[in-house]
């Protein structure tokens with residue numbers, strides 16, 4: 001038989017009052033030390049230059065200068081990173097006519113990063129009352145006068161080629177005091193400018209031939225006046241993005257055959273594209289298009 005091991009039970013007596021007081025004292029001393037240390041560290045950070053803003057990093061600007069951005073930000077020469085209010089700076093910068101959006105970030109330990117998205121000039125518009133020419137972006141905002149834009153470009157070393165040809169927008173607007181920051185309210189203009197900007201970026205050949213966009217009530221919408229191949233392109237006022245996307249293959253065909261036309265009419269969405277040729281005979285045109293009506297031909 002296995003014998004049961006016998007042993008004495010250990011008795012754990014509860015701590016005496018003196019021991020409790022000693023434990024509380026040690027814990028309290030540690031907590032006080034931590035609080036004092038944290039306060040000391042806080043005072044060090046407040047008084048030292050460790051988090052003083054040493055660099056303002058401005059990204060995304062071409063037309064706006066760093067000095068313009070800094071002037072609008074209006075921050076003290078000596079300021080610590082946590083004293084910066086990003087929302088206040090963003091609200092100040094978004095008021096600039098050339099700024100589309102802005103984001104301000106604090107980057108430890110000593111940098112303030114400002115990311116700016118500028119409005120991009122895509123066209124020109126002339127005030128019928130004052131004859132002042134303004135540049136506008138694809139959202140129809142007047143950004144600056146053409147003279148101001150050219151001064152900025154020269155100052156910042158930007159070539160006209162980088163900006164693009166800036167075709168003229170012709171539309172009747174009520175006589176009023178127009179200024180940068182105003183917005184042109186014309187049917188379909190935003191679609192025209194948006195699509196034009198995309199096609200220009202894509203590098204489609206015919207874009208370089210555009211002289212101006214005109215809004216014509218008699219044609220129920222927009223037409224484009226061109227310098228070569230076609231005298232004008234008729235767009236209408238609906239499906240403008242889709243219609244502008246049709247031009248490139250038609251233009252390349254006419255250009256390769258050295259055919260000049262009075263107009264390219266894109267208003268017949270389902271039927272195709274109507275074209276009126278100028279410098280080609282009836283037989284040649286019929287052979288080229290294989291259609292029956294040579295004067296106003298549908299290339300679908």
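The values are calculated or read from the model by the stated rules, or taken from the named source; none is laboratory data. Every value quoted in this text rests on a predicted model; they were computed, and no experiment measured them. All Cβ positions, even for glycine, are placed from backbone atoms using ideal geometry, and neighbour counts span all protein chains on display.
Per the conditions (1) touching a residue at least 24 places away in the same chain (Cβ under 8 Å); (2) at positive phi; (3) out of contact with any helix residue (DSSP H, G or I) (no Cβ under 8 Å at 6 or more places or on another chain), the sole criterion not satisfied by residue 231 is (2).
Listed here are the residues, each with its yes/no results for (1) over 27 Å from residue 194 (Cβ atoms); (2) surrounded by fewer than 18 Cβ atoms within 10 Å (Cβ to Cβ); (3) outside the structural domain of residue 162 (by TED's automatic domain parsing).
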site: 73; (1), (2), (3): yes, no, yes
site: 85; (1), (2), (3): yes, yes, yes
site: 96; (1), (2), (3): no, no, yes
site: 108; (1), (2), (3): yes, yes, yes
site: 135; (1), (2), (3): no, no, no
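Among the residues of segment 111-140, those identified as assigned to a loop (DSSP other than H, G, I, E, B) and without any contact (Cβ under 8 Å) to a residue 60 or more places away in the chain are 119, 121, 127, 128, 129, 130, 131, 132, 137, 138, 139, 140. The residues listed here are 240, 184, 266, 193; of these, the one that is within 19 Å of residue 139 (Cα to Cα), in contact with a helix residue (DSSP H, G or I) (Cβ under 7 Å, 6 or more places away or on another chain) and surrounded by 16 or more Cβ atoms within 10 Å (Cβ to Cβ) is 240. The lone criterion from (1) modelled with pLDDT under 90; (2) assigned to a loop (DSSP other than H, G, I, E, B); (3) loosely packed, with under 10 Cβ neighbours inside 10 Å left unmet by residue 18 is number (2). Of the residues 232, 228, 258, only one is modelled with pLDDT of 90 or more, outside any loop (DSSP other than H, G, I, E, B) and in the same structural domain as residue 169 (by TED's automatic domain parsing); which? Result of the check over 232, 228, 258: 232. Can you spot a residue in segment 137-156 that is under 22 Å from residue 100 (Cβ atoms), surrounded by fewer than 16 Cβ atoms within 10 Å (Cβ to Cβ) and in contact with a helix residue (DSSP H, G or I) (Cβ under 7 Å, 6 or more places away or on another chain)? Checked against the condition, which is being under 22 Å from residue 100 (Cβ atoms), surrounded by fewer than 16 Cβ atoms within 10 Å (Cβ to Cβ) and in contact with a helix residue (DSSP H, G or I) (Cβ under 7 Å, 6 or more places away or on another chain), segment 137-156 yields at least one hit.
Here residue 51 fits the description: at pLDDT 80 or above and under 21 Å from residue 82 (Cβ atoms).
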